[in-house]
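Below is one structure, written out as C-alpha cells; the observations come after it.
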Amino acid sequence: MAKKRALITGITGQDGSYLAEYLLEQGYDVIGMIRRSSTVNFERIHHIQDKVTLVAGDLLDEVSMINLLRDHRPSEVYNLAAQSFVQTSFSQPVFTGEVTGLGVTRILDAVRVVDPGIRFYQASSSEMFGKVQAVPQSETTPFYPRSPYGVAKLYGHWITVNYRESYDMYACSGILFNHESPRRGLEFVTRKITNAVARIKLGKDKELRLGNLDAKRDWGYAKDYVRAMHLMLQQNTPDDYVVSTGETYSVRRFCEIAFGHVGLKYEDYVVIDERFYRPAEVELLVGDPAKANRELGWKPEVTFEQLVTMMVESDLAANK
Ligand code: NAP
Ligand code: F7E
C-alpha cells in the first residue's frame, strides 16, 4: 500500500514538531511548510530533519501553497501555522488577522483548487470561548472571543465549517484548549514559569515578573493533543471537536507546583508586573472533552502535575 502523505504548516512550532514525530511513527511521508527567514529556526525539528521534507511556503501567499500542494500531493493537511501569541495580537491586530484568520482561507482555497479530496485539519482554539458563556465549554457553547487572536481564530473556525458545507470538503476544526510541553515558546506563561524556576534554582535569576495570577486554564500535554488531530482526520465524516482535560488550574497554582518541585515558595520570587496584563482577559477556561472521548476514543495521558514537573525538569537540565 502507498504511504500516506501529510503536509504540516507550522512544523517548526511546538505542535508541528510533535505531530511530525507522531505521523512519522504512523508510517507517513511528512512534508513541512516553512517560511523564509534570515536564520533557520529548526530547534524543535532538528532531530527529525532528515526524515521530513521541508518546503518553503507562507500562509500570506496562496500561490506558494497551491504550488506546494501540486508538487507534493498530500492526502492530509494539518494547518497549525499562526501568529499564536495572544498578547502580541493586541499590538499587531491586523497582522494577526492576516495570518491567523485570512491565512486559513488561503490554505483552504489552495486545497479546494488543487484537490478538494484532501482531508484538512484547522488548529482552532479555546480562546474563541473567551468570556465564557457556559462552564465547561463544549462544541455547542457560544463563542465570545476576547482578543484579536481569538477573533482571528473564530474566523478560521467558521471558514473551515463553511468550506466543508459549501464544497463538501473533509475539513475539521479542532477546538484545542491550552497544551504545553518542554518545547513551548518561552513567552507563554507555563514555560516562562518553568524556565524561571530552573534559573532561580540554579542561581542565574532572582525574580519572575508575571501578570494576572488568577487566570485559570485547562492545561494539557501537547504530545497527547496531536494524537487527537490525527484521529479527527481518520473518521467517516468530518466534524469539530473540543480537546481538553476537563480540569482547570490558576496561574498561581501552576507557580506553586513549579516552585514547590525544587523546594522553593513562589511568593518569595514572583513580582506582579502590569506590563503582562492584557487589555481584555480570558479569566476561566475549562473544556468538556466528552465528544472526543466518545467518538474519537481520545483521552489525555499526562496529568497537570506530571506536566508541570516534566517542564521544570527539562528546564533544569537545559539551564545547567
Ligand atoms: P507555535 O509554537 O507558535 O508555532 C506556530 C508556527 O506557525 C511556527 O512554526 C511558525 O513558524 C508558523 N508560522 C507563523 N506564521 C506563519 C506564516 N505566515 N506562514 C507559515 N508559517 C507560519 O504554536 P503552537 O503552540 O505549536 O500551536 C499550533 C497551532 O495551534 C497554532 O495555530 C495555534 O494558534 C493553535 N493553538 C495552540 C494551542 C496551544 O495551547 N499550544 C491551543 C489552541 C490552538 P516560525 O517557526 O517560522 O515562527
Ligand atoms: O497565557 C496569564 C495570561 O500566554 C495564559 C496560546 O497557545 O493558549 C495560549 O494562549 C494566561 C493568561 O496563553 C503572564 O494573562 C499571567 O490568562 O500562556 P498564555 P493563552 O493566552 O491562554 C490558547 C488556547 C491559544 O490558542 C494560544 O495560541 O496566563 N499570564 N502572567 C501570563 N501570560 C503570559 N504569556 N505571560 C505572563 O507573564
Inset, instruction - Please tell me the relative contact order of the chain in percent, rounded to the nearest whole number, where contacts are Cα pairs under 8 Å and at least six residues apart. - result: 17 percent
Legend entry - Computed FRET value (nearest 0.05) for residue 47 with residue 283, which takes r as the C-beta separation and R₀ as 25 Å: 0.05
Legend entry - Net charge dipole size for the chain [Lys, Arg +1 and Asp, Glu -1 on Cβ; Debye, nearest 20]: 460 debye
Legend entry - Gain in span if fully extended, residue 205 to residue 94, counting 0.36 nm per residue against the direct Cα distance: 36.4 nm
Inset, instruction - Place a label point 7 angstrom from the Cα of residue 317 along the Cα-to-Cβ direction, then list the residues of segment 177-194 whose backbone nitrogen is under 20 Å away. - result: 180-186, 190-194
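Which value results when the Cα radius of gyration for segment 24-149 is divided by 2.2 N^0.38 Å?
Details: Rg = 16.4 Å, N = 126, 2.2 N^0.38 = 13.8 Å.
For segment 24-149, the normalised Cα radius of gyration is 1.19.
Let me know the whole percent of all Cα-Cα pairs from segment 209-264 that are separated by more than 19 Å. Intermediate values should be presented prior to the final figure.
Working: 770 of 1540 pairs.
More than 19 Å apart: 50 percent of the Cα pairs in segment 209-264.
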Inset, instruction - Report Rg/Rh for segment 96-172, rounded to two decimals, where Rg is the Cα radius of gyration and Rh the Kirkwood radius. - result: 1.01
Legend entry - Solvent-accessible surface (1.4 angstrom probe) belonging to residue 39, in square angstrom, nearest 10: 90 Å²
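Percent of alpha carbon pairs in segment 211-320 separated by more than 16 Å? Please list the in-between numbers first.
Details: 4021 of 5995 pairs.
Percentage above 16 Å: 67.
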Inset, instruction - Putting +1 on Lys and Arg Cβ atoms and -1 on Asp and Glu Cβ atoms, find which of 81, 52, 92 reaches farthest to the positive end of the dipole of segment 42-98. - result: 52
Legend entry - Once the Cα gyration tensor of the chain is diagonalised, semi-axes √(5λ) in Å: 32, 22, 19
Inset, instruction - Could you pull out the trypsin sites (Lys or Arg not before Pro) across segment 241-306 that fall in loop regions by DSSP (anything but H, G, I, E, B) with no more than 16 other Cβ atoms inside 10 Å? - result: 265
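Got a sec? What order do 204, 3 fall in by accessible area at 1.4 Å, biggest, i.e. largest, first? Before the final figure, lay out each step's value.
Numbers: 204 95, 3 130 Å².
Heavy-atom accessible area, descending, gives 3, 204.
Determine the gain in length on full extension of the stretch residue 294-residue 247; use 0.36 nm per residue of separation and subtract their C-alpha separation, reporting nm with one decimal.
Contour length minus the Cα-Cα distance gives 15.1 nm.
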Legend entry - Inter-label distance for residue 73 and residue 36, nm, one decimal - labels placed 7 Å from Cα along Cα-to-Cβ: 2.8 nm
Inset, instruction - Arrange the residues 115, 15 by how much accessible surface each exposes, largest first, with a 1.4 angstrom probe. - result: 115, 15
Legend entry - Alpha-carbon radius of gyration plus Dmax, which is the widest Cα pair, for segment 278-318 in Å: 15.4, 39
Inset, instruction - Could you run the Karplus curve 6.51 cos²θ - 1.76 cosθ + 1.60 with θ = phi - 60° over segment 186-192 and give me ³J(HN,Hα) per residue in whole Hz, x for Gly and Pro? - result: 5, 7, 6, 4, 4, 6, 4
Legend entry - Helix-derived mean residue ellipticity, 222 nm - over the chain, DSSP H n ≥ 4, -39500 (n - 2.57), to 500: -11000 deg cm²/dmol
Inset, instruction - Kindly report, to the nearest 10 Å², the accessible surface of residue 299 as traced by a 1.4 Å probe over protein heavy atoms only. - result: 140 Å²
Inset, instruction - Taking 7 Å along the Cα-to-C-beta vector as the label spot, tell me the residue 133-residue 24 distance in nanometres, rounded to one decimal. - result: 4.2 nm
Legend entry - With 5 Å bins from 0: P(r) over segment 11-68, alpha-carbon pairs, percent: 4, 19, 29, 23, 17, 7, 1
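Determine the percent antiparallel among the DSSP beta bridges restricted to the chain, to the nearest 5. Before the final figure, lay out the partial values.
On the way: 3 of 36 bridges.
Here the antiparallel bridges make up roughly 10 percent for the chain.
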Legend entry - Solvent-accessible surface (1.4 angstrom probe) belonging to residue 5, in square angstrom, nearest 10: 80 Å²
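The values are calculated or read from the model by the stated rules, or taken from the named source; none is laboratory data. All figures in this text were calculated on a predicted structure; none of them were measured in a lab. Note that each Cβ is placed from the backbone with ideal geometry, even for glycine, and that neighbours are counted across all protein chains shown. Keep in mind that these areas ignore ligands, DNA and RNA; they rest on the heavy atoms of the full protein, side chains included. Shrake-Rupley method; radii C 1.70, N 1.55, O 1.52, S 1.80 Å.
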